[in-house]
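Peer 1: Let me give you the structure first, and then I'll get to my questions.
The values are calculated or read from the model by the stated rules, or taken from the named source; none is laboratory data. Model, not experiment: these values are computed from the prediction. Cβ atoms come from the backbone with ideal geometry, glycine included; neighbour counts cover every protein chain shown. Protein only, heavy atoms only, side chains kept; ligands, DNA and RNA dropped before computing areas. Shrake-Rupley method; radii C 1.70, N 1.55, O 1.52, S 1.80 Å.
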Amino acid sequence: MRWTGILAAAALATGGLASTAQAQGSETIEVFTRADLERALTNLNATFEPQEEYRNLDITFEGSILADALLLACEDEETEKNCYGTSILATFENPEGATRETILEAVNTYNYNENFGRAYIDSEGTISVRFYIISDGGITRQNYETQIGLWTSSLNNFFGYLYPEAETEAATDS
């Protein structure tokens with residue numbers, strides 16, 4: 001009988017903790033803050049540090065994916081007050097020996113197959129994938145984090161489109 005009471009108390013405590021975690025994930029973010037972004041990145045096991053001269057955060061996601069993030073559409077950009085947008089950008093080296101056509105094919109394949117970013121070649125020739133999230137009307141913390149995670153996952157696919165020989169080598173090494 002005593003064990004039943006202990007097990008019931010443990011079940012209630014665990015359920016209470018799960019409910020608290022679920023409630024935190026379902027909390028609505030009306031405007032983004034640096035703390036919201038850092039919390040999402042931390043939950044995705046990313047490391048980050050602020051850039052010295054700019055408001056951007058340098059980010060390293062799992063799998064050594066490098067990116068930078070910036071809060072945008074703010075009432076006050078300098079203080080990042082009441083920001084309605086989060087922009088995250090990853091850039092890539094030109095594949096050795098690749099032609100412009102093969103790079104464009106990789107960019108087009110990404111844009112056709114992936115839903116969580118936009119790949120392009122900027123005016124300086126840098127291969128980029130950008131992701132933009134808005135909070136207009138509110139977004140849950142869990143949705144914010146999930147979208148960033150899905151974008152990061154789509155970048156792993158972009159590696160395969162842009163550097164197919166690396167993916168082939170990795171497959172033959174295993």
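Peer 1: Name the pairs whose Cβ atoms lie under 8 Å apart, with the first residue in the stretch 97-121 and closer than 14 Å to residue 152 by Cα, the second open to solvent by 40 Å² or more (accessible area, probe 1.4 Å) and of a type in the set (Phe, Trp, Tyr), and 6 or more positions between them or separate chains?
Peer 2: 110/161
Peer 1: As an exercise: evaluate residue 133 against (1) over 15 Å from residue 161 (Cβ atoms); (2) surrounded by fewer than 16 Cβ atoms within 10 Å (Cβ to Cβ) and give the number of the one condition it does not meet.
Peer 2: (2)
Peer 1: Kindly provide the set of residues from the stretch 36-46 that are under 14 Å from residue 88 (Cα atoms) and open to solvent by 50 Å² or more (accessible area, probe 1.4 Å), ordered by number.
Peer 2: 38
Peer 1: A further question follows. Give the stretch 80-120 a look and list any residue that's assigned to a strand (DSSP E or B), open to solvent by 70 Å² or more (accessible area, probe 1.4 Å) and of a type outside the set (S, T, N, Q), or say none.
Peer 2: Here is the first cut: in the stretch 80-120, the residues assigned to a strand (DSSP E or B) are 81-92, 118-120.
If we keep only those that are open to solvent by 70 Å² or more (accessible area, probe 1.4 Å) as well, we get 81, 84, 91, 118.
Result: 81, 84, 118.
Peer 1: Looking at (1) in contact with a Phe, Trp or Tyr (Cβ under 6 Å, 6 or more places away or on another chain); (2) modelled with pLDDT of 95 or more; (3) farther than 18 Å from residue 132 by Cα, which is the only condition residue 83 fails?
Peer 2: That leaves (3) as the condition not met.
Peer 1: Quick one: which residue in 71, 66 is of a type in the set (A, V, I, L, M, F, W, C), open to solvent by 60 Å² or more (accessible area, probe 1.4 Å), in a strand (DSSP E or B) and closer than 23 Å to residue 53 by Cα? Don't jump to the end; show me each part of the working.
Peer 2: Working: 71 fails: open to solvent by 60 Å² or more (accessible area, probe 1.4 Å).
Sole residue among the options that is of a type in the set (A, V, I, L, M, F, W, C), open to solvent by 60 Å² or more (accessible area, probe 1.4 Å), in a strand (DSSP E or B) and closer than 23 Å to residue 53 by Cα: 66.
Peer 1: Which of (1) over 13 Å from residue 148 (Cβ atoms); (2) open to solvent by less than 80 Å² (accessible area, probe 1.4 Å); (3) not aliphatic (A, V, I, L, M) is the odd one out, the single condition residue 123 does not satisfy?
Peer 2: Checking residue 123 against (1) over 13 Å from residue 148 (Cβ atoms); (2) open to solvent by less than 80 Å² (accessible area, probe 1.4 Å); (3) not aliphatic (A, V, I, L, M), the one that fails is (2).
Peer 1: Only one of these is of a type in the set (Gly, Ala, Ser), assigned to a helix (DSSP H, G or I), modelled with pLDDT of 95 or more and on the phi < 0 side of the Ramachandran plot: 11, 40. Name it. Working first, answer last.
Peer 2: Details: 11 fails: modelled with pLDDT of 95 or more.
Being of a type in the set (Gly, Ala, Ser), assigned to a helix (DSSP H, G or I), modelled with pLDDT of 95 or more and on the phi < 0 side of the Ramachandran plot holds for just one of 11, 40, which is 40.
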